[in-house]
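The values are calculated or read from the model by the stated rules, or taken from the named source; none is laboratory data. Everything numeric in this text was worked out from a predicted model, so none of it was measured. No Cβ is skipped: glycine too gets one built from the backbone with ideal geometry, and neighbour counts run over all protein chains shown. Ligands, DNA and RNA are stripped out before the accessible areas are found, and what is left, the full protein with its side chains, is counted by its heavy atoms. Shrake-Rupley method; radii C 1.70, N 1.55, O 1.52, S 1.80 Å.
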Amino acid sequence: MSGNTNTDLELYTDVAPAISVSLINEGTRKRLSSLMDDGTPPNTRRAYASDLKYFWAWASAIRWTEEPIWPVPVEIVARFIAEHLEGLDEDVDQDLVDRGVKLHLGPHSITTVDRRVSALSSVHRMRKLDNPCADPRIITLMSKSRKASARRGYKPRKKKAVIKDVLDQLLATCTSDRLIDVRDRALLLFGWASGGRRRSEIATAMMHDLEQVDDKYVYHLGITKTTQDGEGIPVPVSGKAAEALRVWLAASNVTKGPIFRPLDRHENIMKSAMNDRTVARIIKRRARLAGLDASLFAGHSLRSGFLTEAGLRNINLQTAMQMSAHKTVQVAAGYHQAGNVLFNEAANMMDDEVSAGAA
């Protein structure tokens with residue numbers, strides 16, 4: 001990468017450095033760029049671009065460099081971490097706000113620093129450069145910083161999980177025959193009941209991936225955050241979710257293309273797909289209409305809510321993961337355990353009678 005953008009040739013030579021760059025013409029560059037772009041999730045590209053833009057703005061504000069320097073020295077990464085957790089110099093902090101890359105004055109959270117260091121690390125790996133973020137000194141510094149932040153009282157701001165009781169409250173706000181209510185009801189139920197879909201998966205849900213089986217549906221997940229090869233994991237859409245989806249499809253006359261679509265202020269259905277941020281706004285709007293604090297909810301609330309509800313019902317984690325399509329147990333278990341905590345058998349040891357012969 002150079003500056004805030006990638007050049008096609010740089011991306012390609014990172015992937016296949018053994019091939020002479022002199023053998024690559026402009027047409028090949030464009031084709032390679034297309035493959036690299038389409039093979040990288042849009043959210044990842046946006047996140048990398050945002051974090052790199054901020055990093056190089058900070059590098060300019062501290063008068064280190066006006067142009068990107070690769071690889072970034074270990075000392076600069078260490079300084080970035082320390083200043084953003086302990087507090088920037090006032091003039092540097094104000095400069096970053098004035099440039100529009102920082103929303104407000106003050107230190108970053110450890111989560112934000114962690115994300116930006118991870119983005120910087122990923123770019124170094126992709127460019128096959130010496131990675132300062134993998135240096136033992138930086139690894140130790142980040143580990144100590146996480147512990148220090150925890151001891152200082154920092155806790156990640158997790159959004160509220162939409163368990164079934166909460167989902168019922170959201171659904172109660174969309175019971176009319178208005179098209180927006182019909183769509184939102186179908187969207188909420190599809191997103192929750194099919195395994196807790198990510199907001200991007202809901203926004204990009206397509207008719208050609210939907211298969212009707214009697215009075216139910218099977219939806220074949222395409223490209224997701226954890227399945228980039230589009231292998232098409234099947235998930236069920238049944239019961240109330242299937243009925244709500246059937247009503248929406250009939251009311252909207254959607255037979256191909258995106259399943260869920262934006263509506264204009266006259267409730268005319270757009271042909272384009274829904275933006276994933278719109279999914280988050282729908283969840284927040286329904287929470288607000290239900291009398292809940294909308295700021296506590298986000299696009300991820302359906303996904304976390306599905307797994308938390310599975311834990312509340314003491315449903316096996318692996319069974320729930322078959323629908324949620326989580327690749328790692330660690331992430332899924334965090335939500336599942338939040339609901340399952342009261343089923344821990346060890347919690348009742350004080351109330352149990354132990355036989356005299358037990359040792």
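In table form, for the structure just shown:
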| item | result |
| --- | --- |
| Sequence of TYR48, TYR54 from largest to smallest accessible area, 1.4 Å probe | TYR48, TYR54 |
| For region 307-321, Karplus couplings with θ = phi - 60° (6.51, -1.76, 1.60), whole Hz, Gly/Pro x | 6, 5, 5, 4, x, 4, 8, 6, 7, 3, 4, 5, 5, 5, 5 |
| Heavy-atom surface of region 196-332, accessible at 1.4 Å and reported per residue (Å²) | 51 Å² |
| Table column - 3J(HN,Hα) (Hz), region 110-115, Karplus curve with 6.51, -1.76, 1.60, x for Gly and Pro | 4, 5, 5, 4, 4, 5 |
| Where labels lie 7 Å past Cα in the beta-carbon direction, separation of ASP351 and ARG246 in nm | 4.2 nm |
| Sequence of TYR335, TYR219 when ordered by accessible area, the most exposed leading, probe 1.4 angstrom | TYR335, TYR219 |
| Region 116-152 and region 270-320: distance between their alpha carbon centers, rounded to Å | 31 Å |
| Accessible solvent surface per residue of region 112-185, calculated while the other protein chains remain in place, 1.4 angstrom probe, Å² | 60 Å² |
| Shape parameters for region 210-313, alpha-carbon atoms, Rg then Dmax in Å | 15.4, 41 |
| Amide H partners (placed H, <5 Å) of LEU221, local residues excluded | ILE233, VAL235 |
| Viscosity 1.567 mPa s, 4 °C: Kirkwood-radius Stokes-Einstein D of region 88-224 over Cα pairs, µm²/s | 65 µm²/s |
